[in-house]
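Laboratory data are not the source of any read-out in this text; all were calculated from the coordinates shown. This is a predicted model, so every value here is computed, not measured. All Cβ positions, even for glycine, are placed from backbone atoms using ideal geometry, and neighbour counts span all protein chains on display.
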């Protein structure tokens, strides 16, 4: 699964996220100087953050549950 491989490459994952955020920042600056609304930029950032959080949820190592059988 390629998405899991992407998640496991922490350096690449952080670089991609930083690229997306930097791109949004540049677009926000353009919109500010053009006197346009920038709310969509903030929403896009929230979506990017949410997507990376979802990757954590789906692919982060889950702690193993201990099977405690007190009946023994």
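Looking only at residues in region 49-67 that are farther than 15 Å from residue 6 by Cα and under 16 Å from the mean Cα position of the chain (by Cα), the one that is surrounded by the fewest Cβ atoms within 10 Å (Cβ to Cβ) is 50.
Within region 18-39, residues that are free of Cβ contacts under 8 Å to residues at least 40 places away in the same chain have Cβ atoms under 7 Å from residues that are part of a loop (DSSP other than H, G, I, E, B) and loosely packed, with under 12 Cβ neighbours inside 10 Å in no pair, counting only partners at least 6 apart in sequence or on another chain.
Which residue out of 19, 7 is under 15 Å from the mean Cα position of the chain (by Cα), exposed (fewer than 12 other Cβ atoms within 10 Å of the Cβ) and not in a loop (DSSP other than H, G, I, E, B)?
Values: 7 fails: exposed (fewer than 12 other Cβ atoms within 10 Å of the Cβ).
One residue alone meets the criteria, 19.
Could you check region 27-40 and list, in sequence order, the residues that are surrounded by 11 or more Cβ atoms within 10 Å (Cβ to Cβ) and either under 19 Å from the mean Cα position of the chain (by Cα) or part of a helix (DSSP H, G or I) (or both)? Passing the criteria: 27, 28, 29, 30, 31, 32, 40.
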